[in-house]
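The values are calculated or read from the model by the stated rules, or taken from the named source; none is laboratory data. The shown structure was predicted, so the numbers you read here are calculated from the model rather than taken from an experiment. Cβ placement follows ideal geometry from the backbone for every residue including glycine, while neighbour counts extend to all protein chains displayed. Surface accessibility is based on the protein's heavy atoms, side chains included, excluding ligands, DNA and RNA. Shrake-Rupley method; radii C 1.70, N 1.55, O 1.52, S 1.80 Å.
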Amino acid sequence: MTKENALRSYGAAALAHERMTADGTVEPGWSGPADVQSSFASWYGSATRLGATAEELGNAVEVARAERKADLIERENEVRAQDAARADLLSDVATAIDYDPDVAPW
């Protein structure tokens, strides 16, 4: 195991731990609070045994936070693209059947 891998895993576990302690939510991918707590402690121990400093541990959390934000933005953009495609498709269908909401029978 490298220090870099330990720091990366520590950052992910630390974010999950923060969220769990803040609002009691266990993020997807974790089996429960004990899993989060155990991983957090384990990766902290591994990183510090490999010589990680407090600054490196803090930076690992910030990197994990930035990666999570980028993933959320990417997922949001995918949803927006899908919504736009659906709207275009509905518009094309409405045009094809010459739909006019003012004269629709319903």
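So if we plug the beta-carbon distance of residue 50 and residue 19 into 1/(1 + (r/R0)^6) with R0 = 30 Å, what FRET efficiency do we get, rounded to 0.05?
Here the calculated transfer efficiency is 0.75.
Split the accessible area of the chain by element, probe 1.4 Å, and carbon with sulfur accounts for 55%.
Based solely on its DSSP helices, what 222 nm [θ] is calculated for the chain when runs of n ≥ 4 H residues each add -39,500 (n - 2.57) and the sum is averaged over all residues, nearest 500 deg cm²/dmol?
-27500 deg cm²/dmol
Take segment 1-92, drop everything but the C-alpha atoms, weight them equally and run the Debye formula without solvent; then report log10 I(q)/I(0) at 0.20, 0.23 Å⁻¹ to two decimals. Taking Cα atoms of segment 1-92 as identical point scatterers yields -0.92, -1.10. The charge dipole of segment 1-75, taken about its Cα centre with unit charges on the Cβ of Lys, Arg, Asp and Glu (plus for the first two, minus for the last two), comes to roughly 100 debye.
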